[in-house]
Amino acid sequence: MKRKSNKFDSPDAGGWCQKADDLFLAQFRGRPCAVCGEKRGFDGSKNIRSCGHHLLEKGLHREHRYNPDNIIILCPKHHMGGQMSPHSHDGAAIKAFYEWLEREHPEKSKFMDDHRLDKHTGWRYRDKYVELSGRIGTKTGLLKDLRPIGHAKKVEQVEDNR
């Protein structure tokens, strides 16, 4: 698992990315899996909630990283492994997932096809964080010292209001 960044020194620093992702994905956590309807599952020995899976890979398709149309909710079994999963190490399981997606959610499959070649338009993670209703502030008045304010509380509000 990647280490979380705590750098906020530029508008595109890893800390802003991490906080914006957390705030955006909060609306999908614990909702029913699109495949089986489960809201929780096991990833190894951890019992975790379902989550949003980016259909178009978020690093390659940054333009759609925060687009709800690019998300499908999956339980841990269908997100990270099993016989049908987009992140499986088994090519047949990955193929099965995308065949299921095309059959059961043709609008999501079409979204993927329509937007595979979209280019990034230049937004910054700090701007997205604010657009997603995150609050920022600085104790020094310097832009380089901007930090999220009340992040955990905001994520909790988003999870409660879905």
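The values are calculated or read from the model by the stated rules, or taken from the named source; none is laboratory data. Keep in mind the model is a prediction, meaning the values are calculated, not measured. FYI the Cβ positions are ideal-geometry reconstructions off the backbone, even for glycines, and counts take in every protein chain you see.
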Residue that is farthest from Leu132 (Cα to Cα), among those in segment 68-109 that are touching a helix residue (DSSP H, G or I) at 6+ places or on another chain (Cβ under 9 Å) and of a type in the set (Lys, Arg):
Arg103
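Of the residues that sit in segment 118-134 and are part of a loop (DSSP other than H, G, I, E, B) and of a type in the set (Ser, Thr, Tyr), which one is modelled with the lowest pLDDT? Talk me through it step by step, then tell me what you get.
Going through segment 118-134, the residues part of a loop (DSSP other than H, G, I, E, B) turn out to be 118-124, 132-134.
The next check asks that each one be of a type in the set (Ser, Thr, Tyr); those that pass are 121, 133.
Numbers: Thr121: 83, Ser133: 93.
Applying the filter and picking the extreme gives Thr121.
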Cβ-Cβ under 6 Å, sequence separation 6+ or interchain: first residue in segment 89-104 and aliphatic (A, V, I, L, M) and modelled with pLDDT of 95 or more, partner in a helix (DSSP H, G or I) and surrounded by 15 or more Cβ atoms within 10 Å (Cβ to Cβ). Which pairs?
Leu101/Lys108; Leu101/Ser109
Cβ-Cβ below 8 Å, separation at least six or inter-chain, first residue in segment 51-75 and at pLDDT below 95, second of a type in the set (Lys, Arg) and assigned to a strand (DSSP E or B): which pairs?
Cys75/Arg40
Would you please name the residue that is nearest to Gly82 (Cα to Cα), looking only at residues in segment 31-50 that are among the aliphatic types (A, V, I, L, M) and at pLDDT 95 or above?
Val35
Subset tally (residues that are surrounded by fewer than 19 Cβ atoms within 10 Å (Cβ to Cβ) and either closer than 18 Å to His105 by Cβ or acidic (Asp, Glu) (or both)) for segment 28-55
6
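Of the residues that make up segment 30-37, is at least one at positive phi and small (Gly, Ala, Ser)?
Step one: filter segment 30-37 for residues at positive phi, giving 30, 37.
Those left that are additionally small (Gly, Ala, Ser): 30, 37.
Yes; the residues of segment 30-37 include at least one that is at positive phi and small (Gly, Ala, Ser).
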More than 20 Å from Gly37 (Cβ to Cβ), of a type in the set (D, E, K, R), surrounded by fewer than 15 Cβ atoms within 10 Å (Cβ to Cβ) and at pLDDT 95 or above - does that describe any residue in segment 138-154?
no
So, in segment 67-102, how many residues would count as being part of a helix (DSSP H, G or I), over 17 Å from the mean Cα position of the chain (by Cα) and aliphatic (A, V, I, L, M)?
5
Within segment 29-66, the residues that are farther than 27 Å from Leu117 by Cα, in a loop (DSSP other than H, G, I, E, B) and under 14 Å from the mean Cα position of the chain (by Cα) are Arg29, Gly30, Arg31, Ser50
Quickly run through segment 145-162 and pick out the residues that are more than 21 Å from Asp12 (Cα to Cα) and out of contact with any helix residue (DSSP H, G or I) (no Cβ under 7 Å at 6 or more places or on another chain).
Lys153, Glu156, Gln157, Glu159, Asp160, Asn161, Arg162
